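Chemist: For reference, the structure I am asking about is given below.
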Amino acid sequence: MLKLNNIYTSFAKGTVDEMKLFEDFNLTVNKGDFISIVGSNGSGKTTLLNLICGTLTPDSGSIVLKDKDITALPEYKRSRYIGRVFQDPKAGTCSELTVLENFALADNKNKCYALGRAINKKRIDYYKSLLAECNMGLEDRINTPIGSLSGGQRQAIALVLAGMTKVDLLILDEHTAALDPKAAETIMELTHRLVSEKGLTAVMVTHNLRFATDYGNRIIMMHGGRAILDKAGAEKDALQVTDLLGIFNEISIECGN
């Protein structure tokens with residue numbers, strides 16, 4: 001499905017501040033995987049997502065999606081195949097537009113635009129049905145500017161929009177980190193339902209270790225640009241939050257903290 005082959009990535013290359021993050025890094029994401037990625041700050045989690053989405057280009061190595069080399073493909077072209085939900089609820093929607101207008105934009109993703117109405121009124125009931133699944137009463141606020149909604153409501157809409165069009169891969173970039181505990185739980189339940197029902201392949205970075213153990217079929221822990229733990233299936237299901245905390249403590253001691 002997705003392969004990162006022999007990835008080398010550095011920052012401030014050629015200067016005294018040059019820092020290598022990924023060196024000969026390899027990762028295979030199988031079709032249908034729902035991967036949780038955890039790790040301390042600076043471990044490479046967000047850089048990994050940026051490499052997959054095209055925000056960053058590796059110094060060397062290749063990124064292959066469904067047997068197509070996308071290493072040099074710009075971010076806006078990768079969005080045809082990859083959906084992304086960001087940590088900031090404001091990043092996935094247009095604040096000045098209504099909920100309906102945001103849905104119309106997403107509905108026209110990857111289509112050619114012409115002089116005509118952007119909103120197809122025949123699709124409104126469909127949009128409302130998607131919003132109703134969020135269990136937030138959003139179907140009754142379809143003409144409300146998104147900027148006036150709460151962070152949890154906006155993130156729910158961003159998640160629905162990301163999965164509304166057919167994508168090969170869904171990237172979840174700490175998408176519950178900016179929410180209060182109740183909203184975060186709601187968004188994770190919605191995420192699980194969306195991924196399961198649509199059969200999506202998803203990669204989620206999170207600092208919430210309980211979410212990492214409770215959801216998905218695979219967990220990866222990053223440290224120093226390496227995957228120091230990679231468990232799937234029954235081995236992943238057997239992991240507890242205390243197990244992950246134990247590894248974090250070992251890393252902290254090794255780093256002199």
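The values are calculated or read from the model by the stated rules, or taken from the named source; none is laboratory data. Please read these numbers as outputs of a predicted model, since none were measured by experiment. Glycine gets a Cβ as well: all are built from the backbone with ideal geometry, and neighbour counts include every protein chain shown. What goes into the accessible areas is simple: the full protein's heavy atoms, side chains included, and nothing from ligands, DNA or RNA. Shrake-Rupley method; radii C 1.70, N 1.55, O 1.52, S 1.80 Å.
Chemist: Go through region 198-236 and give me each residue that's open to solvent by 30 Å² or more (accessible area, probe 1.4 Å), closer than 21 Å to residue 4 by Cα and of a type in the set (A, V, I, L, M, F, W, C).
Modeler: 227, 228, 232
Chemist: Please indicate, with yes or no, whether at least one residue in region 247-255 is closer than 29 Å to residue 132 by Cβ and open to solvent by less than 80 Å² (accessible area, probe 1.4 Å).
Modeler: We begin by selecting, within region 247-255, every residue closer than 29 Å to residue 132 by Cβ; these are none.
No.
Chemist: Taking the condition of being under 30 Å from residue 151 (Cα atoms) and either out of contact with any helix residue (DSSP H, G or I) (no Cβ under 9 Å at 6 or more places or on another chain) or not in a loop (DSSP other than H, G, I, E, B) (or both), how many residues in region 44-86 meet it?
Modeler: 21
Chemist: May I pose another question? Has region 88-99 got any residue that is at pLDDT 95 or above, over 17 Å from the mean Cα position of the chain (by Cα) and acidic (Asp, Glu)?
Modeler: Within region 88-99, none of the residues are at pLDDT 95 or above, over 17 Å from the mean Cα position of the chain (by Cα) and acidic (Asp, Glu).
Chemist: While we're looking at this one, here's another question. Does any residue of region 164-175 turn out to be open to solvent by 60 Å² or more (accessible area, probe 1.4 Å) and in a helix (DSSP H, G or I)?
Modeler: Taking every residue of region 164-175 in turn, none turns out to be open to solvent by 60 Å² or more (accessible area, probe 1.4 Å) and in a helix (DSSP H, G or I).
Chemist: Limited to region 1-52, what total is found for residues that are closer than 20 Å to residue 72 by Cα and open to solvent by less than 10 Å² (accessible area, probe 1.4 Å)?
Modeler: Qualifying residue count, region 1-52: 10.
Chemist: Step by step: first the residues of region 149-198, then only those that are among the small types (Gly, Ala, Ser) and in contact (Cβ under 8 Å) with a residue 60 or more places away in the chain, then the one that is farthest from residue 97 (Cα to Cα). Which residue is that?
Modeler: Result: 177.
Chemist: Of everything in region 167-206 that's among the polar types (S, T, N, Q) and over 25 Å from residue 28 (Cβ atoms), which residue is modelled with the lowest pLDDT? Break it down into steps so the answer makes sense when it comes.
Modeler: Step one: of region 167-206, the residues among the polar types (S, T, N, Q) are 176, 186, 191, 196, 201, 206.
Next cut, over 25 Å from residue 28 (Cβ atoms) only: 176, 186.
On the way: 176: 95, 186: 92.
Applying the filter and picking the extreme gives 186.
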